[in-house]
Amino acid sequence: MAERRSAAGEALGRVSEWADGHLGLLRSLSAGLAAAGLLLLARSVRLTTKFTNAVDIPVEFIEKNVKLRGKIHHVTEKGLEVEHIPITIPIVTSIQRKWQSKGLLLVRLAGVELAPSGLVWLQKELKPSQMVWFQLLGREDLALECCVLVNKGRFLSVCLNEEILRQGLGRTARIEGLHHDSRLYWKLHKRLLRAELKALKKNKGIWQEESFSERVRDRISNNKCVQTLKQFVNWLRSYI
């Protein structure tokens with residue numbers, strides 16, 4: 001028993017001796033761990049910060065196309081008014097709530113030129129307080145250009161940008177905020193074009209209205225009376 005105590009004491013003595021000899025190294029490691037802890041805390045603070053203005057969102061969030069969660073409040077002609085719901089972390093979140101301001105983010109459907117019927121559809125489809133995810137693609141003035149995802153069940157989510165085009169309630173447009181030569185731009189643009197093509201083939205929404213007007217124009221132009229009238233007008237012009 002005495003031998004074990006002496007061995008333990010000898011080992012402890014060696015550890016203390018090594019620590020005294022490498023005091024500078026230990027201090028450096030402690031400082032490094034402290035810095036890493038502060039860095040992690042800073043990142044967690046950003047992730048738990050409630051953004052109430054598009055300008056407050058860090059540039060790297062947009063550059064990295066971060067997905068944020070939010071709650072729908074209003075659907076307007078300018079876009080979706082969304083309340084950002086950040087990640088909650090015990091203690092950190094409760095402290096932040098005391099000084100966080102109130103406000104809504106203006107979120108636009110990137111790559112979509114919304115038709116009036118599309119706005120009506122969104123107002124019926126999106127209920128107040130409905131939760132959505134919006135992927136940051138760009139920022140223009142006080143609006144965010146995003147891909148908006150809505151949960152449709154436990155394992156299914158729908159991209160509103162594509163669904164609008166799939167229903168024929170809008171047209172594809174330039175995706176603001178993304179470089180045209182970027183991989184993500186063309187990946188999203190192709191998906192939007194495919195959705196628009198499906199509506200076009202099925203004559204849905206605005207494409208149904210255009211196809212009907214085209215049929216009317218074709219019938220008028222092919223009418224014999226109209227053709228005779230055109231010939232008379234052309235003949236009359238040649239003699240004036």
Taking R0 as 25 Å and r as the Cβ-Cβ distance between T76 and V158, the FRET efficiency 1/(1 + (r/R0)^6), rounded to the nearest 0.05, comes to 0.75
Between R174 and V120, what length comes free when the chain is fully extended (0.36 nm per residue of separation minus the Cα-Cα distance, one decimal in nm)? 17.2 nm
Pop the C-beta distance of D181 and D56 into the FRET formula with R0 = 41 Å and round what comes out to the nearest 0.05. 0.90
Positive minus negative residues near V55 (Lys, Arg vs Asp, Glu; Cβ under 12 Å): -2
Most packed first (mean Cβ within 10 Å per residue), the peptides 168-179, 73-84, 103-114 order as 103-114, 168-179, 73-84
With all protein chains modelled, accessible area of S157 [1.4 Å, Å²]: 60 Å²
Estimate the FRET efficiency between E63 and K201 by the formula 1/(1 + (r/R0)^6), using the beta-carbon distance for r and 41 Å for R0, to the nearest 0.05. 0.65
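The values are calculated or read from the model by the stated rules, or taken from the named source; none is laboratory data. Since this is a predicted model, take the numbers as computed values, not measurements. Here Cβ is always computed from backbone atoms with ideal geometry, including for glycine, and neighbour counts include all displayed protein chains. Surface accessibility is based on the protein's heavy atoms, side chains included, excluding ligands, DNA and RNA. Shrake-Rupley method; radii C 1.70, N 1.55, O 1.52, S 1.80 Å.
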